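The values are calculated or read from the model by the stated rules, or taken from the named source; none is laboratory data. What you see is a predicted model, and the numbers here were worked out from it, not measured in a lab. Cβ sites come from the backbone with ideal geometry, for glycine too, and all protein chains shown count toward neighbours. Only protein heavy atoms, including side chains, enter the accessible area calculation; ligands, DNA and RNA are left aside. Shrake-Rupley method; radii C 1.70, N 1.55, O 1.52, S 1.80 Å.
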Amino acid sequence: MRLLAVRDVSKVFANGVKALEDASLEIEAGEFLSVLGPSGCGKSTLLRLIAGLETPSAGSIEWQQGRPDLGFVFQEPTLMPWTTALGNVALPLKLAGMARSEREARAAEALGHVGLAGFERSYPRELSGGMKMRVSIARALVTAPKLLLMDEPFAALDEITRRRLNTDLLELWQRTRFTAVFVTHSVFESVFLSQRIAVMSPRPGRVLSEIAIPAAYPRAESFGTSAEYAALCRTTSARLAEAMAAA
Amino acid sequence: MSARFVAPILMGLAMLGLWEAIVRSAAIPPYILPGPILVAKTLVTDWSTLWPALVVTMQITLEALLAAVVVGVLLAVLFSLSRWVELSLFPYAIILQVTPIVAIAPLIIAWVDDVHVSLLICAWLVAFFPILSNTVLGLRSVDRNLLDLFGLYGAGRWRTLVDLRLPAALPYFLGGLRISGGLALIGAVVAEFVAGSGGRESGLAWRILESGYQLKIPRMFAALVLISLAGIAIYLLLSLLSHLLLRRWHESAMAGE
Ligand SMILES: Nc1ncnc2c1ncn2[C@@H]1O[C@H](COP(=O)(O)OP(=O)(O)OP(=O)(O)O)[C@@H](O)[C@H]1O
Ligand SMILES: [Mg+2]
């Protein structure tokens, strides 16, 4: 079942920068989709349009059943430094008016899911970069959203931490089956994670091609060293190169 | 760590010693320059006149600081909620700030019957701007992504103010408060100077003036010392407050150095 369709969306910013031009993309409910493209091609803009944080200059975003609850993970952890990990994760529930005891129980549970049990009372500056990102993911998932939008969430992390978080993210996705839209500029990451990759052209961005990644889940770390993975990365790289050349 | 305290204290003692030595060796009369020992003695002997004066000055200072906090924060919040209010009022706040208090104090003292209130207004005028401008800056320096996040979860202006803008502005506000604490004291003292005798309300500034007329220079120095000590105490107290409020989360209050 389709969740939403982005139809010929263009976005021109107030300063005249044209970030997107006639971008079209359909997203299926429950799928794991990556959006891959070079820096500045409008990936963040596309994600923000889907989240309703920006409005399209032209075109439309059509929701099959209205915009569902959604979670958003920014490129930086974007935590409130004055409150604990628990307070940060509980924020969406607090804003929804949930009682304190209940929201804290749920937030603690969400922290457990991202492997941060025991760090409820830690302040963001007491956490490592990877841990902060986990808090950010827990915050996005605490409302049990149907759609999780992630904007290069692991780009600032080291390779080892990134791999861990990739595996953990897939595990979470398999457990709860939210729809995942994952923006990245890493071919390897997009192939490892997703069922489908949308490749974007340089600015003004459009979705130039889509690649299916048929490998089965669960994908263990060993998938990342398989011949299948290498072949898929090669295909995806070639498509990305085509997209760059087409501009 | 200990060098931070020992070094300035040693330096201070050395300067005091030098001062005392110069005064004695050159036999400078006390009505020109009293030595530190005489000043300390005067502080004790004249305590019964100096202490009430200190209380008066401190009372005006603290009241002015409190008023500065209330008005500064309220105005800053108002500015953050309405661009129009900010555009129309901020220039006047700046005008109030750049006008020297000595120049307007006589006017205020002439207009306002109650001396206490007029002194309060003067001290407040000097003290409120750092709080206002720092808090405005803090309320605006909110992470854009966090603002988006609040919007995403349907938070209204009020919730965003309480749960996001105000906590984000706290370190800025506290920075402004530390500056304003000293300024409130300066404002109070300057206003007392301009007001002159000030009737029943005789603060430290009046004691200084009075000592000058009567050539009681050691007492003048003693009053000066009290003003400095009061300023230092205010600064230390506000720094402590800031440390206590921020130590868990803000870089400026991280333990150790
Ligand atoms: N609010 C804005 N106002 C003006 N221009 C903007 C704004 N946001 C983005 N842009 C411009 O739109 C273009 C696309 O930006 P966007 O952030 O969507 O790119 P991106 O694909 O996410 O890049 P990156 O991979 O570096 O994050 C850029 O040229 C950027 O300068
Ligand atoms: Mg981006």
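Worth a mention:
- Cβ pairs under 8 Å, 6+ apart, first in segment A:59-75 and touching a residue at least 40 places away in the same chain (Cβ under 8 Å) and of a type in the set (S, T, N, Q), second assigned to a loop (DSSP other than H, G, I, E, B) and within 16 Å of ligand 2 (Cβ to nearest atom): A:Q75/A:E152; A:Q75/A:P153; A:Q75/A:A155; A:Q75/A:A156
- The one condition from (1) in contact (Cβ under 8 Å) with a residue 60 or more places away in the chain; (2) assigned by TED's automatic domain parsing to the domain that holds A:T225 that A:E159 does not meet is (1).
- All helices (runs of 4 or more DSSP H) inside segment A:23-128 with 3 or more residues being within 14 Å of another protein chain (Cβ to nearest Cβ) and within 16 Å of ligand 1 (Cβ to nearest atom): A:43-51
- When residues in segment A:56-111 are screened for being open to solvent by less than 40 Å² (accessible area, probe 1.4 Å) and in contact with a Gly (Cβ under 9 Å, 6 or more places away or on another chain), 8 of them pass.
- So A:A19, is it over 29 Å from A:L172 (Cβ atoms), outside any loop (DSSP other than H, G, I, E, B) and either open to solvent by less than 50 Å² (accessible area, probe 1.4 Å) or not polar (S, T, N, Q) (or both): yes
- Test: residue in segment B:176-188 that is open to solvent by 20 Å² or more (accessible area, probe 1.4 Å), closer than 16 Å to B:I131 by Cβ and within 14 Å of chain A (Cβ to nearest Cβ): no
- Looking across segment B:98-107, the residues that are open to solvent by less than 70 Å² (accessible area, probe 1.4 Å) and without any contact (Cβ under 8 Å) to a residue 40 or more places away in the chain come down to B:T99, B:A103, B:I104.
- Scan segment A:139-185 for residues that are assigned to a strand (DSSP E or B) and within 16 Å of ligand 1 (Cβ to nearest atom) and the total you get is 7.
- Test: residue in segment A:26-34 that is open to solvent by 60 Å² or more (accessible area, probe 1.4 Å), touching a residue at least 40 places away in the same chain (Cβ under 8 Å) and farther than 19 Å from A:V73 by Cα: yes
- For segment B:21-55, a tally of residues being in a helix (DSSP H, G or I) and open to solvent by less than 30 Å² (accessible area, probe 1.4 Å) returns 7.
- A:V17 vs. criteria within 16 Å of ligand 2 (Cβ to nearest atom) and modelled with pLDDT under 95: yes
- Tally, over segment B:128-160, of residues that are within 15 Å of B:G176 (Cα to Cα) and buried (at least 16 other Cβ atoms within 10 Å of the Cβ): 11
- One residue stands out among those in segment B:108-127 that are in a helix (DSSP H, G or I) and β-branched (V, I, T): the one that is surrounded by the fewest Cβ atoms within 10 Å (Cβ to Cβ), which is B:V117.
- The single residue among A:G42, A:G52, A:G59 that is within 16 Å of ligand 2 (Cβ to nearest atom), assigned by TED's automatic domain parsing to the domain that holds A:P202 and on the phi > 0 side of the Ramachandran plot turns out to be A:G42.
- Residue match in segment A:198-209 (condition: of a type outside the set (F, W, Y) and assigned to a helix (DSSP H, G or I)): no
- Apart from one condition, A:A227 fits all of (1) open to solvent by 70 Å² or more (accessible area, probe 1.4 Å); (2) touching a residue at least 60 places away in the same chain (Cβ under 8 Å); (3) among the hydrophobic types (A, V, I, L, M, F, W, C); the exception is (2).
- Qualifying residue in segment A:122-138 (condition: open to solvent by 20 Å² or more (accessible area, probe 1.4 Å) and touching a strand residue (DSSP E or B) at 6+ places or on another chain (Cβ under 7 Å)): no
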